[in-house]
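Presented below is the structure to which this report refers.
The values are calculated or read from the model by the stated rules, or taken from the named source; none is laboratory data. Every value quoted in this text rests on a predicted model; they were computed, and no experiment measured them. Cβ coordinates were reconstructed from backbone atoms using ideal geometry, including for glycine residues, and neighbour counts include every protein chain displayed.
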Amino acid sequence: MIKEIFFQQMTPSKILAIETSCDDTAAAVLLGKKVLSSIVSSQTIHSAYGGVVPELASRDHMKNIVPIVNEALVQAGVDLADISAIAYTQGPGLLGSLMVGCCFAKAKAMALGKPLISVNHMQAHVLSNFLDTERSPELPALCLTVSGGHTQLVYVKDFLEMEVIGETLDDAMGEAFDKIGKMMGLPYPAGVAIDEQAQRGDENAFQFPDTHVPGLDFSFSGIKTGFLNFLNKETARDAFFLEKNKSDICASIQKKLIDMAMQKLDAAVRHTSVKTIALAGGVAANSGLRARVALYAQANDLNFFSPHKKYCTDNAAMIGIVGHYKFLAKQFQSVEEAVPIPQMKF
Ligand code: KG4
Ligand code: ZN
């Protein structure tokens, strides 16, 4: 098992990290585990379509990648020549988007004669818990990763050794937030807007049907249909139902989604007997979810960790922290072998 103490004795690496898996073009520079810069350019073009349009995403990455990487280097005050290695997201993600980051990283590594490090985006979400913090999770730990594309329960044995022990069979939790928000006319991605409205609402105002999935897997597609039926029924009775009750609806549906996640998290804690739990991914920024998991941890005598909110949604600093650990473990990739893997697993 790789020990943190061993890492601390080594000279800190300077990693240039690149993330282009979906609709955010991001670059970061890390000195060891310290984030010197983290630049994220979120593409706004997709909100008009209510979801990410892959073709437009890759075109935007092509435009953004050079200025974003340059900005990350300038803000960090680091010269390219002083970089130890270049880390990039190999997958999972959209093929065209991944291709931009992969080609860029390969070209930079070849031109500079520096090592190339491939990073799994989901592993990076988990390790975002180790960014810019004095108090980081003891391992082994259990991480609930909830994003727009994934919902996973990850058993984290070591920094680079993880196993998915449960995942969604259909929609991701963030996808459920976004699709339900779209039904309410909220802009994409709707998670933040639902979170904000929910803080002003009564979470017990409305009830939604339960869905049952065996084991540690999740399913969020049924709740989406349940919500649509609820909205149609209530709006047929009162055309202004949504406008009159928006905060209560947001609070109630958010509570339902959190209940669904908590049920599986609890089952996974019992299954693994871990003493440490963590959150990761865009939905980990949700204030309701953070509060519920914190309460759960307290009630069950568990240690609880969550990344800074800025490191929950997609960013390159989390790619950099995996780069840091892989650099120390000398896990490099040859530029010839570097190709995007849209369905990449751990
Ligand atoms: O991790 P992320 O940036 O991208 C993926 O890897 O998918 O996650 C984006 C997701 C979106 O579905 C967005 O609605 C959700 O995270 N999200 C939130 C919040 N902030 C972002 N969901 C609920 N509450 C939030 N505060
Ligand atoms: Zn992500």
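Please find, among Ala338, Ala316, the residue that is in contact with a Cys (Cβ under 8 Å, 6 or more places away or on another chain), modelled with pLDDT of 95 or more, over 28 Å from Thr211 (Cβ atoms) and of a type in the set (Gly, Ala, Ser).
That would be Ala338, the only listed residue that is in contact with a Cys (Cβ under 8 Å, 6 or more places away or on another chain), modelled with pLDDT of 95 or more, over 28 Å from Thr211 (Cβ atoms) and of a type in the set (Gly, Ala, Ser).
Which condition breaks for Ala190 when tested against (1) more than 10 Å from ligand 1 (Cβ to nearest atom); (2) of a type in the set (A, V, I, L, M, F, W, C); (3) within 18 Å of Thr44 (Cα to Cα)?
(1)
Would it be correct to say that Val154 is part of a strand (DSSP E or B), over 29 Å from Asp248 (Cα atoms) and in contact with a helix residue (DSSP H, G or I) (Cβ under 9 Å, 6 or more places away or on another chain)?
Yes: the conditions hold for Val154.
For the stretch 295-311, what are the residues that are buried (at least 16 other Cβ atoms within 10 Å of the Cβ) and assigned to a helix (DSSP H, G or I)?
Hits for the stretch 295-311 are Tyr296, Ala297, Tyr311.
Restricting to the stretch 332-346, and then to whatever is loosely packed, with under 13 Cβ neighbours inside 10 Å and within 23 Å of the chain's Cα centre (by Cα), can you tell me which residue is nearest to Ser84 (Cα to Cα)?
Lys345
Could you list, in sequence order, all residues of the stretch 115-144 that are of a type in the set (Gly, Ala, Ser) and assigned to a strand (DSSP E or B)?
Once the filter is applied, which keeps residues that are of a type in the set (Gly, Ala, Ser) and assigned to a strand (DSSP E or B), the stretch 115-144 yields Ser118, Ala141.
Can you pull out the residues in the stretch 295-344 that are more than 15 Å from ligand 1 (Cβ to nearest atom) and basic (Lys, Arg)?
Selection gives Lys326, Lys330.
Would you say His125 is within 16 Å of ligand 2 (Cβ to nearest atom) and surrounded by fewer than 24 Cβ atoms within 10 Å (Cβ to Cβ)?
Taking the combined requirement at face value, the residue does not satisfy it.
Per-residue answers, yes or no, for (1) within 14 Å of ligand 2 (Cβ to nearest atom); (2) at pLDDT 95 or above; (3) of a type in the set (Lys, Arg); (4) within 30 Å of Leu116 (Cα to Cα):
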{"position": "Ser287", "(1), (2), (3), (4)": "no, yes, no, no"}
{"position": "Arg290", "(1), (2), (3), (4)": "no, yes, yes, no"}
{"position": "Gln298", "(1), (2), (3), (4)": "no, yes, no, no"}
{"position": "Gly323", "(1), (2), (3), (4)": "no, yes, no, yes"}
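For the stretch 284-341, give me each residue that is polar (S, T, N, Q), in contact (Cβ under 8 Å) with a residue 60 or more places away in the chain and farther than 26 Å from Ile194 by Cα.
Those that are polar (S, T, N, Q), in contact (Cβ under 8 Å) with a residue 60 or more places away in the chain and farther than 26 Å from Ile194 by Cα: Asn303, Gln331, Gln333, Ser334.
So if I check each of Leu257, Leu279, which one is in a strand (DSSP E or B), on the phi < 0 side of the Ramachandran plot, touching a residue at least 40 places away in the same chain (Cβ under 8 Å) and hydrophobic (A, V, I, L, M, F, W, C)?
Leu279
Hey, among Glu175, Glu167, which residue is more than 30 Å from Gln331 (Cα to Cα), within 16 Å of ligand 1 (Cβ to nearest atom), surrounded by 16 or more Cβ atoms within 10 Å (Cβ to Cβ) and not hydrophobic (A, V, I, L, M, F, W, C)?
Answer to the check: Glu175.
Could you list all residues from the stretch 180-194 that are away from ligand 2 (no atom under 16 Å from the Cβ) and surrounded by fewer than 22 Cβ atoms within 10 Å (Cβ to Cβ)?
Within the stretch 180-194, Lys182, Met183, Met184, Gly185, Leu186, Pro187, Ala193 qualify.
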